[in-house]
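Okay, structure first, notes after.
The values are calculated or read from the model by the stated rules, or taken from the named source; none is laboratory data. This structure is a prediction, so every number in the text was calculated from the model and none was measured. No Cβ is skipped: glycine too gets one built from the backbone with ideal geometry, and neighbour counts run over all protein chains shown. Surface accessibility is based on the protein's heavy atoms, side chains included, excluding ligands, DNA and RNA. Shrake-Rupley method; radii C 1.70, N 1.55, O 1.52, S 1.80 Å.
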Amino acid sequence: MHSPYVPLWVSLLTIWSSNVGIVQAQWDIQDEHPNACPDYKKYSTFPHAPYSRGAKGLPYQRPATVCRTFTSPLVEKVIRDVTDQMVDKDLARLFENAFPNTLDTTVRWHVDGTTKHTELKARSGRDTGKWEGPQSFVVTGDINAEWLRDSTNQLLQYQPLAKSDTKIFNLILGAINTQAEYVIESPYCNAFQPPAPSKLAATSNGQDDYVHPAYEPSFVFECKYELDSLAHFLALGNTFYNHTKSLDFLTPRWYKALDTLLVVLDQQSQSTFDPETSRFTRNTYTFSRNTNQGTETLPLSGVGNPLNSGTGLIRSAFRPSDDASILGFYIPANAMMAVELRKASEVLRAANNLALAQDLEKRSQVIVDGIWKHGVVNNGANRVFAYEVDGYGSRILMDDANVPSLLALPIMGFCDKEDPVYQNTRKMLLSKATNPYYLEGLEFHGIGGPHVGLEFAWPMSLLLQAMTSDDDEEIMECVNLVLKASPLGLVHESINVNRINDYTRSWFAWANSVFAQTILDLAKRKPYLIFGKGAKPYIIE
């Protein structure tokens, strides 16, 4: 491996950083010298020294300290605590790059709430409190937009640090507040432009979409209705409360976002045909895209395939992969929504909002009952969770790498990983014979999905497989295969199963966050696998 060209300014910054402690510098080179820091989308495609001391010699892919979009001494401490104990130094380097990747590269805008946005004009009563308090705009990586799902998962490994680190606390609180604004304005949309107060430029997704309800393109990047996006908004706040016990995010804007979310759930619980008259009822949400890819648009002029009444389930027009659902009752998203509604009810009880808490609890139970009644089906002699159903008896048996997924049901908190229905499902999903999107090749394997075609499996699926297993051999086979597929020191979106160095997206923060979460899970649950025999559990507190 040859050493890549390193610009002189990078060398000087590296020397200066090591000699004078640039961490303490209070100026922001990105603001004062916007052209000084490299484009990380390009930077991530080349290896950078120093290389790890392991057999693979993995590169160091973190940007120079002054080019990082957010820093935390506590995050640096976690990196040292974990990597110093790890036996495999290549695996340690991958964690060193992956754990902080979201903070290093994707926090495009963050304010702590102490400065008012004077550029915003006088507001109506409807907009009281809009964009007030901490705000955080977290992009997915190589696309300058925020997905509700991605950003929630990208921040997940930092949540335990929030109670001890004020900066992390405000970052995540800001992320909740920003997501609330997105949900209030466009609850059916999945990806969003930079907030107006950030003064960052909006970008076009280059598509020709016809969507109802209409949205403002300067506010929304893409408007695919995915039930899990709304569940992830709840999850961000629920997890924050779980680790900090803070109710600071329960602002009037959060309550307004929750009210908006519940309206969507009611609208998307309605059947295609009126149960009383059998007349066709056009859904509130429709989506049509001018495309030759069937997974990028909804059938029947943007309405989607028919769904039956009385199921207790909620429609999701698109999957978390941003691919269109075939049968609109997408079981993993329904499971996640049920879990997060229940958790939100617990938060509301802590806030003494008992009536609303009871409402959310009831809604959660209706969905749970619907999943067990309509989403659990026979597969030969076994009972398994279906991927999608329509309430008429049709079902799709498969899984996709993106979360929420059937494989991730225990991680989401819907069921125990020893549940017999889940175990039957897991066995089905991890077999080429029974999951059409379980992909195997000469050099890689795992669950993929329609999003990137039939030759690319996602490392994320192997990491979820590891976190839902108690088998040491299975766990390390998954982790080591992801390591093998990460020669650039970062985890990619997907890998060609026949050519392991052929990948999609060199910079995909969500996948790196899931890798970091997997290592922290093993550090807590099976420390000897990564720290060596006799190692004690490592738990972030």
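Scanning the range 64-114 for residues that are among the small types (Gly, Ala, Ser), more than 22 Å from Glu477 (Cβ to Cβ) and more than 22 Å from the chain's Cα centre (by Cα) yields Ala64, Gly113. Applying the set (1) within 20 Å of Thr140 (Cβ to Cβ); (2) touching a Phe, Trp or Tyr at 6+ places or on another chain (Cβ under 7 Å) to His212 leaves exactly one unmet item: (1).
Selection of first residues in the range 32-50 that are within 16 Å of Leu488 (Cα to Cα) and of second residues that are of a type in the set (D, E, K, R) and modelled with pLDDT under 95, restricted to Cβ pairs under 6 Å at least 6 apart or on distinct chains, gives the following pairs, ordered by first then second residue: Lys41/Asp142. Looking at this structure, is Ser288 open to solvent by 10 Å² or more (accessible area, probe 1.4 Å), more than 30 Å from Tyr422 (Cβ to Cβ), at pLDDT 95 or above and touching a helix residue (DSSP H, G or I) at 6+ places or on another chain (Cβ under 7 Å)? Criteria met by Ser288.
Based on this model, can you work out whether Asn144 counts as surrounded by fewer than 24 Cβ atoms within 10 Å (Cβ to Cβ), in contact with a strand residue (DSSP E or B) (Cβ under 9 Å, 6 or more places away or on another chain) and part of a helix (DSSP H, G or I)? Please lay out each step first, then the result.
Numbers: surrounded by fewer than 24 Cβ atoms within 10 Å (Cβ to Cβ): yes; in contact with a strand residue (DSSP E or B) (Cβ under 9 Å, 6 or more places away or on another chain): yes; part of a helix (DSSP H, G or I): no.
Judged against the criteria, Asn144 is not a match.
Of all residues in the range 387-402, exactly one satisfies the criterion of being under 19 Å from Leu313 (Cα atoms), buried (at least 24 other Cβ atoms within 10 Å of the Cβ) and hydrophobic (A, V, I, L, M, F, W, C), namely Val389.
Given the criteria assigned to a helix (DSSP H, G or I), out of contact with any Phe, Trp or Tyr (no Cβ under 7 Å at 6 or more places or on another chain) and touching a residue at least 60 places away in the same chain (Cβ under 8 Å), does Gly133 qualify? First the steps, then the outcome.
Values: assigned to a helix (DSSP H, G or I): no; out of contact with any Phe, Trp or Tyr (no Cβ under 7 Å at 6 or more places or on another chain): yes; touching a residue at least 60 places away in the same chain (Cβ under 8 Å): yes.
No; evaluated as a whole, the condition is false for this residue.
Considering Gly133, Gly237, which residue is crowded, with 24+ Cβ neighbours inside 10 Å, of a type in the set (Gly, Ala, Ser) and within 28 Å of Ile540 (Cα to Cα)? Steps first, answer last, please.
Values: Gly133 fails: crowded, with 24+ Cβ neighbours inside 10 Å.
So the residue among Gly133, Gly237 that is crowded, with 24+ Cβ neighbours inside 10 Å, of a type in the set (Gly, Ala, Ser) and within 28 Å of Ile540 (Cα to Cα) is Gly237.
On the basis of being within 23 Å of Val482 (Cα to Cα) and within 21 Å of the chain's Cα centre (by Cα), does Ala401 make the cut?
Values: within 23 Å of Val482 (Cα to Cα): yes; within 21 Å of the chain's Cα centre (by Cα): yes.
The answer is yes for Ala401.
Flag: Leu300 matches the condition of being assigned to a helix (DSSP H, G or I) and over 26 Å from the mean Cα position of the chain (by Cα). I'd like the full set of residues that are of a type in the set (Gly, Ala, Ser) and at pLDDT below 95, limited to the range 100-141. The answer is Gly113, Ala122, Ser124, Gly125, Gly129, Gly141.
Leu58 meets each of the listed conditions (1) modelled with pLDDT under 95; (2) closer than 14 Å to Gly489 by Cβ; (3) among the hydrophobic types (A, V, I, L, M, F, W, C) apart from (1). Of all positions in the range 264-272, none carries a residue that is closer than 25 Å to Lys163 by Cα, modelled with pLDDT of 95 or more and buried (at least 19 other Cβ atoms within 10 Å of the Cβ).
Please pick out the residue among Ile530, Ile500, Ile540 that is in contact (Cβ under 8 Å) with a residue 24 or more places away in the chain, farther than 30 Å from Asn379 by Cα, of a type outside the set (Lys, Arg) and in a strand (DSSP E or B).
Numbers: Ile530 fails: in a strand (DSSP E or B); Ile540 fails: in a strand (DSSP E or B).
Testing whether each residue is in contact (Cβ under 8 Å) with a residue 24 or more places away in the chain, farther than 30 Å from Asn379 by Cα, of a type outside the set (Lys, Arg) and in a strand (DSSP E or B) leaves just Ile500.
Any residue at all in the range 475-484 that is among the acidic types (Asp, Glu), touching a residue at least 24 places away in the same chain (Cβ under 8 Å) and surrounded by fewer than 21 Cβ atoms within 10 Å (Cβ to Cβ)? Looking for residues that are among the acidic types (Asp, Glu), touching a residue at least 24 places away in the same chain (Cβ under 8 Å) and surrounded by fewer than 21 Cβ atoms within 10 Å (Cβ to Cβ), one finds none in the range 475-484, hence no.
Considering only the range 519-535, I want to know if a residue exists there that is among the hydroxyl-bearing types (Ser, Thr, Tyr) and either modelled with pLDDT under 95 or open to solvent by less than 30 Å² (accessible area, probe 1.4 Å) (or both). Even if it seems obvious, please write down each step before you answer.
So the first thing to find is which residues in the range 519-535 are among the hydroxyl-bearing types (Ser, Thr, Tyr), and the list is 528.
This time we only want the ones that are either modelled with pLDDT under 95 or open to solvent by less than 30 Å² (accessible area, probe 1.4 Å) (or both), so: none.
Scanning the range 519-535 turns up no residue that is among the hydroxyl-bearing types (Ser, Thr, Tyr) and either modelled with pLDDT under 95 or open to solvent by less than 30 Å² (accessible area, probe 1.4 Å) (or both).
One residue stands out in the range 71-89 among those that are touching a residue at least 60 places away in the same chain (Cβ under 8 Å) and open to solvent by less than 20 Å² (accessible area, probe 1.4 Å): the one that is farthest from Ser164 (Cα to Cα), namely Met86. Selection of the range 328-378 for residues being under 30 Å from Asn435 (Cβ atoms), open to solvent by less than 50 Å² (accessible area, probe 1.4 Å) and not in a helix (DSSP H, G or I) yields Gly328, Phe329, Tyr330, Gly375, Val376, Val377. Residues considered: Ala257, Ala201, Ala214, Ala196. Of these, the only one that is under 26 Å from Asp112 (Cβ atoms), free of Cβ contacts under 8 Å to residues at least 60 places away in the same chain and either open to solvent by 30 Å² or more (accessible area, probe 1.4 Å) or among the small types (Gly, Ala, Ser) (or both) is Ala201.
Criterion first (over 20 Å from Asp521 (Cβ atoms), outside any loop (DSSP other than H, G, I, E, B) and at pLDDT 95 or above) does Asn153 satisfy it? Even if it seems obvious, please write down each step before you answer.
Details: over 20 Å from Asp521 (Cβ atoms): no; outside any loop (DSSP other than H, G, I, E, B): yes; at pLDDT 95 or above: yes.
No; evaluated as a whole, the condition is false for this residue.
Based on what the data block shows, is Arg426 out of contact with any Asp or Glu (no Cβ under 7 Å at 6 or more places or on another chain), touching a residue at least 24 places away in the same chain (Cβ under 8 Å) and farther than 19 Å from Gln268 by Cα? In short, yes.
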